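Accompanying notes for the structure given below.
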Amino acid sequence: MQMHKHEKIWLTLSSAMIIGFLLIAGYQTFALELGPPSHKETIDPQKVDETAPFDEPGVYQTGENEYEVVMTLQIFSFTPNEIEIPAGSEVTFTMTSKDVTHGFQIAGTNVNAMVMPGYIQKIKQTFNEPGEYLILCNEYCGAGHQMMSTTITVK
Ligand code: CUA
C-alpha cells in the first residue's frame, strides 16, 4: 500500500514540529537555564544540623535592604519560628528539610515552593507592605501537617 502524498507531508511536518519543540524546551532549560532554579544544591539530610549554613538557622542581614533567612523545615515546624524584617527588604530564603517533603507558601505572595530532604531550596521575595505574612506548609507531611505554620512580620 502506498501512502498518500499529503499524508507523508503532514507526518513529516508534525514530527518535525515535535522535535523542534523538544529542542527549544531543552535549549531554554539547560543552555539558558530558564528551568525552575530549585534542586541545584544538595545536602546530606542526616547532617543538616552540622552543615553550614543550616547549623545556625536565623535571619541575617546581607545588604542594605537585603536579608537571608536560613531555615530548616521539620515535622511540624519552621526554624526560625519568628521572623521580623523591615519593610522594603529583599529576602532570600535558603531552606532544607530534615525529614520529609514539606511545602513553603507565603500567603498573599507568589511564593510557593517544595522543600525536600537532601536538597537546598532558595527563593527570593521582596516585602514592601508592612504586616504579618502567614507561612504555611502545603505538602502533606503527617499528622501535624495542618498545624505547621509560622509568620513573617514586616514593619
Ligand atoms: Cu510540613 Cu505539611
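Only the coordinates and a few stated rules stand behind these numbers; no lab work does. Just so it is clear, the model here is predicted, and its values are computed rather than measured. When we count neighbours, we look across all protein chains shown, and the Cβ atoms used for this are built from the backbone with ideal geometry, even at glycine.
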Exercise. Calculate one ³J(HN,Hα) per residue across segment 44-55 by plugging θ = phi - 60° into the Karplus curve 6.51 cos²θ - 1.76 cosθ + 1.60, and present them in order as whole Hz with x for glycine and proline.
Key: 6, x, 7, 10, 4, 5, 9, 9, 5, x, 6, 5
Quiz item: If one takes the longest principal axis of the Cα atoms in the chain, at what angle in degrees, from 0 to 90 and to the nearest 10, does the Cα axis of helix 5-26 lie?
Solution: 20 degrees
Quiz item: Between residue 92 and residue 140, what is the spin-label point distance in nm, taking each point 7 Å from the Cα along the Cα→C-beta axis?
Solution: 3.5 nm
Quiz item: In a GNM of the chain with a 10 Å cut-off on Cα contacts, which of 13, 136, 73 has the highest mean-square fluctuation?
Solution: 13
Practice problem: Mind telling me which of 135, 19, 106 comes out most flexible in a GNM of the chain, alpha-carbon contacts under 10 Å? | Solution: 19
Exercise. Return the distance in nm (one decimal) between the two label points of a simple spin-label model at residue 13 and residue 64, each offset 7 Å from Cα along Cα→Cβ.
Key: 5.7 nm
Quiz item: Which of the chymotrypsin sites (Phe, Trp or Tyr not before Pro) found in segment 115-155 are loop residues per DSSP with 13 or fewer other Cβ atoms within 10 Å of their Cβ?
Solution: 140
Exercise. List the residues whose amide H sits under 5 Å from the amide H of residue 139, counting only those 5 or more places along or on another chain, with H placed 1.01 Å from N in the peptide plane.
Key: 103
Practice problem: Among the lysines, select those whose C-alpha is under 22 Å from the C-alpha of residue 124, and discard any that sit fewer than 8 residues away in the same chain. | Solution: 40, 98, 155
Quiz item: Taking the chain as a Gaussian network, Cα atoms linked when under 10 Å apart, which of 114, 17, 95 shows the biggest mean-square fluctuation?
Solution: 17
